[in-house]
Amino acid sequence: MSARTDHPFPDQIAGAPHPRDTARLFGQDTAEADFLDAWGSGRLHHAWLLTGPRGVGKATLAWRITRFLLATPPPDDTGLFAGPPAPESLDIPADHPVARRIAARSEPGLAHVTRSVNDKTDRMRNEIVVEDIRNLHRFFSLSAADGGARVVIVDAADEMNTSAANALLKMLEEPPARATLLLVSHQPSGLLPTIRSRCRVLRLAPLGAPDMQAALAQAGADLPDNPDQLAALASGSVGAALRLLNLDGLRLYHDLIAILGSLPRLDRQRALALADSVAQRNATERFDLLLTLIDVALSRLARCGATGQPPLPEAAPGESATLSRLAPGPEQGRAWADAAATITARNRHGQAVNLDPAALVLDTVFRMQKTAQA
């Protein structure tokens, strides 16, 4: 059971392989070991909530678990003495029949639930709707005949609307036999408490710099000359790192820090150039990234003032000196934290009502200048 393939996959990061096709998972050995321990006990929970920041491998882990469950007999099926050694990893060879069927999107024991295409408008919905969950009843009825394991991946569970969440809750309350539900969630606090209470949680951590580099290499990304700067901005998220690389985010942040470095006397030429760079046609993603990077810069300024030390590693040349000068102590740190709250709220509102990107960026720069002057 799979979604239509004539539209982009909503659970795939631009510039990276789909999690289904990602061979290895880096930096999440603890989460994998926790799942293997539960599986080896013979009392595998029927629902798992995979949580953690975006882009740290939650979906990749869900697909690894899926291949493992569909390709590996349960420990109580092997007999007391004659069974093979317990698996030490979730690895399944690429030439295994289950792995081949999953790669071809033809595995009958798997249901993959994401946002779907509205047949009336032929556009991708912005949420998972109740029909997407109700379709699972048909999947379970058709797959019950062979008596094998069945797996459902919901990615991302945060995107379910209220009706879809209630429909899934009923399924969690009365789970089908030999079924495992894997819910990928970036913000589990937004899920129904009753859904969270019926799932066992696997928490995935942000990646360190070496694991980040390995994951980017696997994704086919061109590795930057300054990996420490990328790691600082990406906060351990491969997804965030790929977005930064695809949209020239390191250069955007360098320009932003250069503008901050000119405060309280503003380098207007740099500010105008930055605003113009996100005001071009088809620059929506770059504009959204710049707003995110503004949030990051303001947060690092506030942290520098609060702790008396600039965050390390530097995310741009000269960042430490700029942050230390603009936020030398707690008073300035609080001022930048207050400015961050105001600027972030204003920017997201302006983005929602389609204000001119260049005007919004310049307004933000002027607000930062006023904070620096104060």
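Over the chain, what is the percentage of antiparallel beta bridges among all DSSP beta bridges, to the nearest 5?
Working: 2 of 22 bridges.
So the antiparallel bridges in the chain amount to around 10 percent.
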Rough spin-label spacing in nm, given labels placed 7 Å along Cα→Cβ, for Glu131 and Leu272 = 5.2
Rounded, prolate or oblate: which fits segment 246-302, taking a ≥ b ≥ c as square roots of the Cα gyration tensor eigenvalues, rounded meaning a/c under 1.5, else prolate when a/b beats b/c?
-> oblate
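What 222 nm value per residue comes from the helices of the chain, counting each DSSP H run with n ≥ 4 as -39,500 (n - 2.57) and dividing by all residues, nearest 500 deg cm²/dmol?
Working: 15 runs with 187 residues, N = 374.
Computed mean residue ellipticity for the chain: -15500 deg cm²/dmol.
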Quote to one decimal, in nm, the extra length available between Asn226 and Ser197 on full extension: 0.36 nm per residue of separation minus the C-alpha distance between them.
-> 6.2 nm
What are the residues whose amide H is under 5 Å from the amide H of Leu50, where those residues sit 5 or more places off or on another chain and H is modelled from the backbone?
-> Leu183, Val184, Ser185, Leu202
Given the C-alpha centroids of segment 254-308 and segment 97-125, what is the distance between them in whole angstrom?
-> 39
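Can you check what the net charge comes to around Arg24, using other residues whose Cβ is under 12 Å from the Cβ of Arg24 (Lys, Arg +1; Asp, Glu -1)?
Values: positive: Arg64; negative: Asp21, Asp29, Glu32, Asp91, Asp211.
Surrounding charge for Arg24 is -4.
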Relative to the first principal axis of the alpha-carbon coordinates of the chain, what is the inclination of helix 268-277, with its axis defined by its Cα atoms, in degrees from 0 to 90 and to the nearest 10?
-> 30
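Percent of accessible area on the chain owned by carbon and sulfur, 1.4 Å probe? Intermediate values should be presented prior to the final figure.
Values: 9270 of 18530 Å².
About 50 percent, which is the carbon plus sulfur part of the accessible surface.
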Compare the Cα positions of Ser41, Gln269, Thr72 along the charge dipole of the chain (+1 at Cβ of Lys, Arg; -1 at Cβ of Asp, Glu; about the Cα centre) and return the one farthest towards the positive end.
-> Gln269
For helix 357-373, report the angle its Cα long axis makes with the longest principal axis of the Cα atoms of the chain; keep it between 0 and 90° and round to the nearest 10°.
-> 60
Nearby lysines by direct alpha-carbon distance to Lys58 (threshold 25 angstrom, same-chain neighbours under 8 apart not counted) | Lys170
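Which order do peptides 271-277, 176-182, 152-158 fall in by mean Cβ count within 10 Å, highest first?
Working: 271-277: 17.7, 176-182: 19.7, 152-158: 24.6.
Output ranking for 271-277, 176-182, 152-158: 152-158, 176-182, 271-277.
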Of the trypsin sites (Lys or Arg not before Pro) in segment 239-315, which ones lie in a loop per DSSP and count no more than 11 other C-beta atoms within 10 Å?
-> Arg265, Arg281
Using 0.36 nm per residue, how much length does the chain from Ala359 to Ala321 gain when fully extended, once their Cα-Cα distance is taken away?
-> 10.8 nm
Kindly write out, for segment 225-239 in residue order, the coupling ³J(HN,Hα) from the Karplus curve 6.51 cos²θ - 1.76 cosθ + 1.60 (θ = phi - 60°), rounded to whole Hz, with x marking Gly and Pro.
-> 6, 10, x, 5, 5, 5, 4, 5, 6, 7, 6, x, 10, 5, x
Label Ala23 and Leu169 with points 7 Å out from Cα along Cα→Cβ: what is the distance between them in nm?
-> 4.4
Helix axis angle, 249-262 relative to the chain longest principal axis, alpha carbon, degrees = 30
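The values are calculated or read from the model by the stated rules, or taken from the named source; none is laboratory data. Every value quoted in this text rests on a predicted model; they were computed, and no experiment measured them. Every residue, glycine as well, gets a Cβ built from its backbone with ideal geometry; the counts of neighbours run over all protein chains shown. Calculation scope for accessible area: heavy atoms of the full protein, side chains included, ligands and nucleic acids excluded. Shrake-Rupley method; radii C 1.70, N 1.55, O 1.52, S 1.80 Å.
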